[in-house]
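Undergrad: I'd like to ask some things about the structure below.
The values are calculated or read from the model by the stated rules, or taken from the named source; none is laboratory data. This structure is a prediction, so every number in the text was calculated from the model and none was measured. Every residue, glycine as well, gets a Cβ built from its backbone with ideal geometry; the counts of neighbours run over all protein chains shown. Note: areas computed on protein heavy atoms with side chains; ligands, DNA, RNA excluded. Shrake-Rupley method; radii C 1.70, N 1.55, O 1.52, S 1.80 Å.
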Amino acid sequence: MATGLREGMAAIAQRGLMQTQEEMLETNQKSNNLFIGIPKETSFQECRIALTPLSVALLVNNGHRVVIESGAGVAANFTDKDYSEQGAQISYSKKDVYAADIIVKIAPPTLEEVGLMHKGQTLISALQIGTLKEANLKAILHKKINALCFENLRDEGNVLSVVRAMGEIVGSASIFIAAEYLSSAFGGKGLMLGGFTGVPPTEIVILGAGTVGEYAARTALSLGAEVKVFDSSIFRLRRLQNNLGSRVFTSVMQPIVLNKAITTCDVVIGAVRSEHGRSPCLVMEETVARMKPHSVVVDVSIDQGGCFETSEVTNHKDPVFRKHDVIHYCVPNIASRVPRTASYALTNIFAPILVDIGDMGGLMNLVWNKAGIREALYAYQGHLTNKDLANIYNLPFKDLELLVVSNQ
């Protein structure tokens, strides 16, 4: 009985959404010019920017107005001149930037930044549930900001587009980082990644067969290293084998096999992710203590707590520490190490979304048309529309579709 009632309400909601969409399209087709603001990031060592100059040119050519805070792209090697030449307005006032109708940024807004925003504004940024403060979330809801978190954006193939893009970059970067710290110039054992005639290849163990693990394995193999991949899921291991197109050593998380591989290898990449909460701690301190001297650990999972018992958060200025004579690299935001590349990857996702918002006559029309965008909307007109957030902070949850029907 309850199931039938729920299905009936959902059907009514869907009809209501379609009716709202038609009405909104009729009223917005006349004027769909957007006012987009790109503020300078204030988060520690965040060097990426959401839009590159060429993406700004695309938006301006579509009739939209883009205002960028002076210096916003400098950390990614984009100058104010690069943006102004493509039609962006450069502002030295943060207040003027936050007067835009749509704010696109990388890091979640601080309380001060939310204070600069106006009622009914649209925000596209990261959410970072692990570090999100309840006061910031309540401030967004209080101002009735329509907020999208890009971690939950899905493309037409139902893939988390931003997570996938950053995972590809971080996976490849982790191998290059390991290569640096294996060299004697960085205090390593003086090894070079790769298999050379008469020289045994460097051994690399990768924990996790997701996107990060796959691209780490792909990069390591291309350099000639010997790769072993561990994961708790046979499905992910099989998918990795198929995606790589070559056979590599794969194994489920067998403690004896895993510990032996770690204590005999030169590099361990920790790329295990958790869908909810902390990443699992897979490698105990006892195992790390038995690793070869000057071996390298790159804990990509450190933003979720890390998968090594010996891991401690570091940063780009002081990225490594030694424990049991093992070099640990535990920087949470590895993508900011290559901010220009990461910015190009992000702009390829954000720019089409902004163009679609304009072409479809507003954010909500896009939300109704694309389920992958709808899943990313966590705040709408002062209501929390993300169930996970509601459970974490014990706040009331509103079903987005039923909410729209009730507001007709």
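Undergrad: Would you mind finding the one in Val355, Val313, Val338, Val367 that is aliphatic (A, V, I, L, M) and closer than 25 Å to Pro280 by Cβ?
TA: None of the other options fit; the residue is Val313.
Undergrad: I would also like to ask the following. For the stretch 318-337, which positions are open to solvent by 30 Å² or more (accessible area, probe 1.4 Å) and in a helix (DSSP H, G or I)? First the steps, then the outcome.
TA: Filtering the stretch 318-337 for residues open to solvent by 30 Å² or more (accessible area, probe 1.4 Å) gives 318, 320-325, 332-333, 337.
Matches in the stretch 318-337: Arg337 only.
Undergrad: For the stretch 169-196, which residues satisfy the criterion of being assigned to a helix (DSSP H, G or I), of a type outside the set (A, V, I, L, M) and in contact with an Asp or Glu (Cβ under 8 Å, 6 or more places away or on another chain)?
TA: Gly171, Phe186
Undergrad: Hey, can you tell me all the residues within the stretch 15-62 that are polar (S, T, N, Q) and modelled with pLDDT under 50?
TA: Within the stretch 15-62, Gln19, Thr20, Gln21, Thr27, Asn28, Gln29, Ser31 qualify.
Each row is one residue, and each column tells you yes or no for (1) under 17 Å from Ser295 (Cβ atoms); (2) aliphatic (A, V, I, L, M); (3) under 25 Å from the mean Cα position of the chain (by Cα).
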| residue | (1), (2), (3) |
| --- | --- |
| Glu134 | no, no, yes |
| Lys138 | no, no, yes |
| Lys144 | no, no, yes |
| Leu148 | no, yes, yes |
| Val159 | no, yes, yes |
| Val199 | no, yes, no |
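Undergrad: Which one is nearest to Lys144 (Cα to Cα) among residues in the stretch 338-378 that are surrounded by fewer than 20 Cβ atoms within 10 Å (Cβ to Cβ) and among the hydroxyl-bearing types (Ser, Thr, Tyr)?
TA: Top of the filtered list is Tyr344.
Undergrad: For the stretch 279-312: of the residues being surrounded by fewer than 16 Cβ atoms within 10 Å (Cβ to Cβ) and touching a helix residue (DSSP H, G or I) at 6+ places or on another chain (Cβ under 6 Å), which is modelled with the highest pLDDT?
TA: The selected residue is Arg290.
Undergrad: Moving to a separate point now. Looking at the stretch 171-191, can you tell me whether even one residue there is open to solvent by less than 60 Å² (accessible area, probe 1.4 Å) and aromatic (Phe, Trp, Tyr)?
TA: yes
Conditions (1) basic (Lys, Arg); (2) within 25 Å of Ala165 (Cα to Cα); (3) in contact with a strand residue (DSSP E or B) (Cβ under 7 Å, 6 or more places away or on another chain), marked per residue:
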site: Ala289; (1), (2), (3): no, no, no
site: Val300; (1), (2), (3): no, yes, yes
site: Asp303; (1), (2), (3): no, yes, no
site: Thr314; (1), (2), (3): no, yes, yes
site: Pro319; (1), (2), (3): no, yes, yes
site: Val331; (1), (2), (3): no, yes, no
site: Ile334; (1), (2), (3): no, yes, no
site: Arg340; (1), (2), (3): yes, yes, no
site: Leu346; (1), (2), (3): no, yes, no
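Undergrad: Open to solvent by less than 10 Å² (accessible area, probe 1.4 Å) and of a type outside the set (A, V, I, L, M, F, W, C), is that true of Gly208?
TA: The answer is yes for Gly208.
Undergrad: Give me the pairs: first residue in the stretch 384-402 and at pLDDT 85 or above and surrounded by 14 or more Cβ atoms within 10 Å (Cβ to Cβ), second residue hydrophobic (A, V, I, L, M, F, W, C) and in a loop (DSSP other than H, G, I, E, B), beta-carbon distance under 6 Å, and six or more apart or on different chains, which are they?
TA: Within 6 Å, the pairs are Leu384/Leu395.
Undergrad: Report yes if some residue within the stretch 366-388 is under 30 Å from Asn77 (Cβ atoms), part of a strand (DSSP E or B) and not basic (Lys, Arg); otherwise report no.
TA: The answer is no; no qualifying residue exists.
Undergrad: Which one is farthest from Asp356 (Cα to Cα), of the residues in the stretch 59-80 that are part of a strand (DSSP E or B) and open to solvent by 10 Å² or more (accessible area, probe 1.4 Å)?
TA: This residue is Glu69.
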